[in-house]
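Here's the structure we're looking at; comments come further down.
The values are calculated or read from the model by the stated rules, or taken from the named source; none is laboratory data. Predicted model, so just to flag it, every value in this text is computed and none were measured. Every residue, glycine among them, receives a Cβ derived from its backbone with ideal geometry; neighbour counts consider all protein chains shown. All accessible areas refer to the heavy atoms of the entire protein, side chains included, with ligands and DNA or RNA removed. Shrake-Rupley method; radii C 1.70, N 1.55, O 1.52, S 1.80 Å.
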Amino acid sequence: MKRARLATVIAVTSVSLALLLIGLFGIFYLNMDRWIGRLRAKMEIEVFLDPTVKQEKIDQLRKSIQQIEGIESVQFISKEKAAKRFKQEFGQDIFDIIENNPLPPSFVIHLKKGYRTYMRVSAISGQLQKLDAVDEIVFQKQLLQIVDRYIQIVYLGTILIGLMITFIAFVLIYNTIRLTIYARKDIISIMRLVGATERFVRRPFVVEGMAQGLIGAAIASILLFYFIKFVKTFIYPYLATTPYLFLILLGLGWLLGMISSRLSVGKHLQNV
Amino acid sequence: MIEFYNVNVQIDGKYILREVSLRILKGEFVYLIGPSGAGKSTILRLIYFDLFPQAGTVIVDKYSSAKIRRKDIPYIRRKIGVVFQDFKLLTDRTVYENVALALRVTGVKSSEIKRRVMRILTEMGLSQKRNHYPQELSGGEQQRVAIARAVINEPFIVLADEPTGNLDPRTSLEILETLERINKKGTAVLMATHNYDLIRKFKHRTIKINRGMIV
């Protein structure tokens, strides 16, 4: 019985650890996603035009650009406006450095959501390149490439680690229920002797497994709550969170406890 | 009510029972005697369907060993009380809880459980010991708790497997008197024993068994 009790403590601890990590990954994911979303939203394609381009051609170009799939907005930056932007960005008047304005006119393009990945941007950039009077196309190629390539790896790694920890918690609950069954083999055999149905014999073990899962989840939720509070107070007040996260943790804990104890009972109760 | 037809039980290729046929009638008191290892416990286990014969048929109430489904077994066991030599009480539960368990598993309401357990404990002269743990009781008292647990569901038969095996002669006689009293109320009793002196005190039909065969 003592061994079973120790196993219970270990199982509950591991469930809370597993779910805490899943919760932390959840928060990490939320914030990462928001940050990357903003990064992508800020992303713009600059299409530099031949400095001698005529107004007529500009209007025509704008129309062609707008027809490309995935374009959200097109803004024309004239030579004069470009100089202003230069001043805004660098705090220095371009005319202080050189006498005539070397900045070419350009279009600044924003893309619709879902088109802000490296692959899509490159494709759109290729289409733009084919247009008349287009000199050069600039976008944050490298940043996009890095984000697109590594975010998948990070997410995949996160999911894998989460699954691994969940599996460990699963094995621990399974094993705890096994120990509990053997610790209570006397009462099980007496219950059967006096006419308990298998469902009746089985129920307390499944309930116990679910309780272990839920208690683990509750502990994980409390720890996560204070972790969020701590981060928001002392480190990063804009941390993105959602109350659903706690619901998900409780649901996962319950499910984890139920599935592992059911399997354990199915396997071990008949041997007692 | 209980009928055995040419029952064979083999365990690991060894015959435990061979061609056993017997019949126990409603309300009857029957001794099952024979030396240790003769197959007495096996006969009792066949009756509460803890064991099934390799050949032959065991019929208990309306159930047959050939046809009974796993899910029916709990329900027939509620009508059979079983008492063992080693009492098989739960040491971490009180006398009350040990007896109440037999009702709890059948889903009886707790107010009803309380009433019935108190009544049976009083009948057994154990009501003042209800909050004791088994190890605080004498052997005879423990066996009476076990009997109380066996009869609380009002079974049609009580199977007693060497119920006096661990008890001194005087206590043994008390236990036998208790079983006698239960039998008087209409419950059949099948008592396996090798205590030949004891069974002379109350005369009943005796089934003798040796090496797995009725003699």
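Brief remarks follow.
- Residue that is farthest from the other protein chains (Cβ to nearest Cβ) [pool: residues in the stretch A:165-186 that are aliphatic (A, V, I, L, M) and crowded, with 17+ Cβ neighbours inside 10 Å]: A:165
- Hits in the stretch B:132-163 - residues which are away from chain A (no Cβ under 13 Å), among the charged types (D, E, K, R) and closer than 20 Å to residue B:184 by Cβ: B:144
- Residue match in the stretch A:210-227 (condition: among the aliphatic types (A, V, I, L, M), within 30 Å of residue B:69 (Cβ to Cβ) and in contact (Cβ under 8 Å) with a residue 24 or more places away in the chain): yes
- Of all residues making up the stretch B:98-124, the number that are open to solvent by 40 Å² or more (accessible area, probe 1.4 Å), touching a helix residue (DSSP H, G or I) at 6+ places or on another chain (Cβ under 9 Å) and closer than 19 Å to residue B:174 by Cα: 1
- Evaluation of residue A:261 against (1) part of a helix (DSSP H, G or I); (2) modelled with pLDDT under 95; (3) surrounded by fewer than 15 Cβ atoms within 10 Å (Cβ to Cβ) (one fails), failing number: (3)
- Residue A:157 being modelled with pLDDT of 80 or more, assigned to a helix (DSSP H, G or I) and within 30 Å of residue A:34 (Cβ to Cβ): yes
- Residue A:191 vs. criteria within 14 Å of chain B (Cβ to nearest Cβ) and free of Cβ contacts under 8 Å to residues at least 40 places away in the same chain: yes
- Whichever residue in the stretch B:64-92 is touching a Pro at 6+ places or on another chain (Cβ under 8 Å) and open to solvent by 40 Å² or more (accessible area, probe 1.4 Å) and, among such residues, is nearest to the other protein chains (Cβ to nearest Cβ): B:78
- The stretch A:112-129 residues that are open to solvent by 90 Å² or more (accessible area, probe 1.4 Å), paired with ones that are not β-branched (Val, Ile, Thr) (beta carbon under 6 Å, 6 or more apart): A:112/A:70; A:112/A:72
- Pick from the stretch A:104-127, criterion hydrophobic (A, V, I, L, M, F, W, C) and modelled with pLDDT of 85 or more, ranking: farthest from the chain's Cα centre (by Cα): A:107
Let's see how each residue does on (1) of a type in the set (Gly, Ala, Ser); (2) buried (at least 20 other Cβ atoms within 10 Å of the Cβ); (3) within 22 Å of residue B:17 (Cα to Cα):
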| residue | (1), (2), (3) |
| --- | --- |
| B:164 | no, yes, no |
| B:172 | yes, yes, no |
| B:180 | no, no, no |
| B:189 | no, yes, yes |
| B:197 | no, no, no |
| B:201 | no, no, no |
| B:210 | no, no, yes |
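- Top-ranked residue in the stretch A:237-258 [being open to solvent by 40 Å² or more (accessible area, probe 1.4 Å) and more than 25 Å from residue A:8 (Cβ to Cβ); ranked as nearest to the chain's Cα centre (by Cα)]: A:241
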